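Mind looking over this structure? Questions follow.
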Amino acid sequence: MNKKIPLIILYLATIPVANWMISNVGTQYFPGGPHTIPVGFGYNAPSGVLMIGIAMFLRDIVQNVYGRKATLVAIAVGVLLSYAVNPAVATASAIAFACGELADFLVYTKLRDKTLVGAVISSGVIGGFIDSFIFLQIAFGSTMYWQGQVIGKTEMALLGGLLIWISNDLSKRLPAFKS
């Protein structure tokens, strides 16, 4: 089996897991509202927020491994997966995911040759911001949790940038970590 296949499976798995979490993990404060988790600074966000932040980081890695065309196909498959898991938020999730991931794709593509760590962080923050506002407005008719959404996705973008930085640093220092 191709060693690259698990990466794309991992990326695609984050999407239905995030949609499932919104209806099943955390506290639901009002009927029909999302299940939420604390993300820091006194804010809560729909519980899929961290998983979508991870998806945006993994999307960057998928692009490095598979290239632009395959990444756009993976984004399209991710949009379709959004419909399969949580029909209650499927439209909002699919539209927000597509817009956020495409923004992530464009920013990452523009920056990655200049600064890989900066590309991962910038694309994750911008994609997360767009995804958050679109999702909340369509799914719940409100941007009530926008601060928590942005905080959670920014935390994941920063973590992704840190992991890339550590990986690059290790590959320079230790020959065993070179690809």
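The values are calculated or read from the model by the stated rules, or taken from the named source; none is laboratory data. Worth saying up front: this structure is predicted, and the values here are computed from it rather than measured. So basically every Cβ, Gly included, is an ideal-geometry build from the backbone, and we count neighbours across all protein chains shown.
Would you pick out the residues in region 103-117 that are in contact (Cβ under 8 Å) with a residue 24 or more places away in the chain and surrounded by fewer than 16 Cβ atoms within 10 Å (Cβ to Cβ)?
Selection gives 109 alone.
Which numbered condition trips up residue 104, out of (1) in contact with a Gly (Cβ under 6 Å, 6 or more places away or on another chain); (2) of a type in the set (Asp, Glu); (3) closer than 30 Å to residue 29 by Cα?
It is condition (3) that residue 104 fails.
Quick check, is residue 140 over 21 Å from residue 12 (Cβ atoms), at pLDDT below 90 and touching a Ser or Thr at 6+ places or on another chain (Cβ under 7 Å)?
no
Let me ask something additional. Answer with yes or no whether residue 104 is modelled with pLDDT under 95, under 23 Å from residue 20 (Cα atoms) and of a type in the set (D, E, K, R).
For residue 104, the condition - modelled with pLDDT under 95, under 23 Å from residue 20 (Cα atoms) and of a type in the set (D, E, K, R) - is met.
Out of 113, 104, which single residue is of a type in the set (Asp, Glu), under 20 Å from residue 63 (Cα atoms) and in a helix (DSSP H, G or I)?
Only one candidate passes the filter, namely 104.
Same structure, new question: Would you check if residue 52 is in contact with a Gly (Cβ under 8 Å, 6 or more places away or on another chain) and under 17 Å from residue 139 (Cα atoms)?
yes
On to the next question. Out of all the residues in region 82-100, which are over 14 Å from the mean Cα position of the chain (by Cα) and crowded, with 21+ Cβ neighbours inside 10 Å?
Listed by number, the residues that qualify are 89, 92.
State yes or no: is residue 55 hydrophobic (A, V, I, L, M, F, W, C), assigned to a helix (DSSP H, G or I) and modelled with pLDDT of 90 or more?
Here the answer is yes, as residue 55 does meet what is asked.
State whether the residues of region 50-57 include one that is among the β-branched types (Val, Ile, Thr), under 20 Å from residue 127 (Cα atoms) and either touching a strand residue (DSSP E or B) at 6+ places or on another chain (Cβ under 7 Å) or surrounded by fewer than 23 Cβ atoms within 10 Å (Cβ to Cβ) (or both).
yes
Can you find a residue in region 87-96 that is assigned to a helix (DSSP H, G or I) and free of Cβ contacts under 8 Å to residues at least 24 places away in the same chain?
For region 87-96, residues assigned to a helix (DSSP H, G or I) and free of Cβ contacts under 8 Å to residues at least 24 places away in the same chain: present.
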